[in-house]
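Each remark here refers to the structure printed beneath this line.
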Ligand SMILES: Nc1nc2c(ncn2[C@@H]2O[C@H](COP(=O)(O)OP(=O)(O)O)[C@@H](O)[C@H]2O)c(=O)[nH]1
Ligand SMILES: [Mg+2]
């Protein structure tokens, strides 16, 4: 079984992609299981086979402990980690039945990245896991946005230590979108007020990324890019050896 963590900033389309890409894989003949790790979500468009809300919900934490949403979100991730064994059990049963497990992660990316408990959950399936990192079209307006989000994708990969496919989500919202950064484009940011030393250092990282990392455009509304996404995921699993 291949486990795909769907990651990205709040509102980037994680839940919708989990649902639609899952259906796409099912229509292609694969057996897919859906996992929801978002304890704050109220409505899901798909039916999860494992739902963290059976163990913890942010709404309940807020009323039981009389705490605000941010404290409750952090607490929910800590509580989630206590149910790690349930998830491990779920994965080992699912392993025998399904080809793919798609994991919808908490709305806020920082909950996944900043809290060891969330990273621990990903580590339980590490080795057979990969991630899809969503950059929503509506967040991409300038070269600086693009550079920042590419560097963020790299930081996410470093933090979670799993292979990561970077995807431009909601591609149906903009037909023309430049996804490559040239040296000239990047250095023009220095004219725009970004410190030259920082520009030079970041460019040396980005230059290598530009060669290696292809961003694919995906829309969960039109299904655009799903074939490409599937191919790239397939390649990741092949190059990483036997992850099944
Ligand atoms: N146009 C468009 N909207 C999308 C797409 N994917 C998600 N959305 C919308 O973006 C909003 C946030 O999506 P959601 O899946 O809940 O994001 P999440 O917070 O990352 O789970 C919702 O209103 C979705 O209908 C897409 O591919 N195209
Ligand atoms: Mg969501």
With the checklist (1) crowded, with 16+ Cβ neighbours inside 10 Å; (2) free of Cβ contacts under 8 Å to residues at least 40 places away in the same chain in hand, flag the one item residue 48 doesn't pass. (2)
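Could you pull out the residue among 146, 152, 168 that is part of a strand (DSSP E or B), within 18 Å of the chain's Cα centre (by Cα) and surrounded by 15 or more Cβ atoms within 10 Å (Cβ to Cβ)?
After applying the criteria, what remains is 168.
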If residue 179 meets every condition in (1) within 22 Å of residue 102 (Cα to Cα); (2) away from ligand 1 (no atom under 14 Å from the Cβ); (3) touching a strand residue (DSSP E or B) at 6+ places or on another chain (Cβ under 7 Å) apart from one, which number is that one? (1)
Is there a residue being within 16 Å of ligand 2 (Cβ to nearest atom), part of a helix (DSSP H, G or I) and modelled with pLDDT of 90 or more anywhere in region 117-134? no
Could you list, in sequence order, the residues of region 24-45 that are in a helix (DSSP H, G or I) and surrounded by fewer than 16 Cβ atoms within 10 Å (Cβ to Cβ)? 26, 27
Residue 10 vs. criteria part of a loop (DSSP other than H, G, I, E, B), surrounded by fewer than 19 Cβ atoms within 10 Å (Cβ to Cβ), touching a residue at least 24 places away in the same chain (Cβ under 8 Å) and out of contact with any strand residue (DSSP E or B) (no Cβ under 9 Å at 6 or more places or on another chain): yes
Within region 18-42, track down each residue that is touching a helix residue (DSSP H, G or I) at 6+ places or on another chain (Cβ under 9 Å) and within 16 Å of ligand 2 (Cβ to nearest atom). 20, 21, 34, 35, 36, 37, 38, 39, 40, 41, 42
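The values are calculated or read from the model by the stated rules, or taken from the named source; none is laboratory data. Computed from a predicted structure; not experimentally measured. Glycine also receives a Cβ, built like all others from the backbone with ideal geometry; neighbour counts cover every protein chain displayed.
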